[in-house]
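Undergrad: Sharing a structure here in structure tokens format.
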């Protein structure tokens, strides 16, 4: 899949710094530091609007972020009610907040593809024989028991704040993606 570009960019910096480039943010997302312990925080809301934030084991693939979660977890239950979500990520040189929509990957090919990507990143995921998600010998306790659903985060807005020179804060908006 080819790289997509924002259809709107706005400098949010109040200190006179120049607008950040999408290429900088994209590079940080697509090429996280191999030795870093990057944590992705998924933020969802329940049907009554109560917010919930939880770390997820996420990966970048095909211009999107994928993560897994057990069907009984609060985040999965929230996403079943309301697919809108945000994600916060601290990467080398830039902190990002992404806003968008989450969609469960339910086709066997998609699940197998993401299991393979996780394997390439060191987590021994396999498609679950039930066809509902992935399984592995271990996972974070907060993920619940396997099989774990596979989700794709489709973002439409990204806000980046540089933590290294050149500094600045910028918002990028994208055309809606995904199928829903």
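Nothing in this text is a laboratory measurement; each read-out follows from the coordinates by a stated rule. The structure displayed is predicted, hence computed values, not measured ones. With ideal geometry, Cβ positions are generated from the backbone for all residues, glycine too; neighbour counts draw on all protein chains shown.
Undergrad: Starting from the Cα of residue 165, step 7 Å along the direction of its Cβ; do the same at residue 24; then give the gap between the two resulting points in nm.
TA: 1.2 nm
Undergrad: What's the angle, to the nearest 10 degrees (0 to 90), between helix 108-120's Cα axis and the longest principal axis of the chain?
TA: The angle comes out at about 70 degrees.
Undergrad: Also, I was wondering about something else. Could you check the simple spin-label distance between residue 12 and residue 138, using points 7 Å along Cα→Cβ, in nm with one decimal?
TA: 3.7 nm
Undergrad: Here is a further query. Normalised by the number of residues in the chain, what is the relative contact order in percent for Cα pairs under 8 Å and 6+ residues apart?
TA: 28 percent
Undergrad: Mind checking the full-extension length gain between residue 84 and residue 37? Use 0.36 nm per residue of separation minus the Cα-Cα distance, one decimal, nm.
TA: 14.3 nm
Undergrad: Work the Kirkwood hydrodynamic radius out for the chain: mean of 1/r over every pair of different alpha-carbon atoms, inverted, in Å.
TA: Result for the chain stands at 17.0 Å.
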